[in-house]
Structures are given as structure tokens and as C-alpha cells.
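Each value in this text was obtained by applying a stated rule to the coordinates, not by laboratory testing. Everything numeric in this text was worked out from a predicted model, so none of it was measured. Every residue, glycine as well, gets a Cβ built from its backbone with ideal geometry; the counts of neighbours run over all protein chains shown.
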Amino acid sequence: MGIPMNPGIGGSGMRPHKDPALVAHIKPLQVNVIEEVLAAVMEEILRQDILAREGKFGGTHVLPGGPDDARLRVLVEEVGEVARELNEMDQGNSRERPTGKLLDELIQTAACSVSWAAAHIEEENGYRP
């Protein structure tokens, strides 16, 4: 089964900007950087899977038929950690390099989202009850 995509620019569901001249200066993301981020997300998913199987946390992203409300709470908690890190950076309290902890939290947030989406695909394919 393929992943359904929304119609729009390149299947992304995005609509063109009303005035393309206002955004024409924005450089596209570099493919190699996107690949590095996606590799980090995959590594985080595998790390979370190991921790879940060790009983370190609920592992809601791998629960068979996991309830979406539980998965949403995990995702929102991760988004909250991103917000907290932004606040720490704004107040000068972050002990990490400026983007270090923020990047870690963004990767964890992405891992939760990807795991949730993958679990739904697995459920549709009959892998998960």
C-alpha cells in the first residue's frame, strides 16, 4: 500500500503563494540535510522501540491498535518539549549549543509522528490487530 498524498504542489497539498515574488528568495532545503534528518528520525524510532520493549515507557507508538488519543498525548508532550526548549533558549538558560537540544526534541517529535503514521499503515495492511 502506498502512502496517500493530498493533491497540490508535488502531491504535498500545498497551494502556491498568492504572490510568488514574496517567497522566490527562499532557498530549497538541501536533499542531503533532509536525508540526515530522516536517518536521525529512523534512529530515534528504533531507540524508542528498544526502550518500549524494555518497559521504559508506554511505547504507545507500537501498541497493537494503539489508541490515537494516547498517541496524540505523546506527540503533544513532545511538541511541549520543543516549546520548553525554545523558552530556555530565549531566556539564555539552555546549557546546550543553541540548536542542540532543540534539534533533539524536533527529531523526537518527528519520530512520534512517523511511528504513528507507520502504525496506521501496518494496521491497514493487517500487520497489527
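Net charge within 15 Å of L29 by Cβ-Cβ distance, Lys/Arg positive one each and Asp/Glu negative one each, not counting L29 itself?
-1
Straight-line cross-link reach from K18 at under 17 Å between alpha-carbon atoms covers no aspartates and glutamates, not counting any fewer than eight positions away in the same chain. Computed over the range 15-124, the alpha-carbon pair-distance distribution with 10 angstrom bins reads 13, 33, 32, 19, 4, 0, each value a whole percent.
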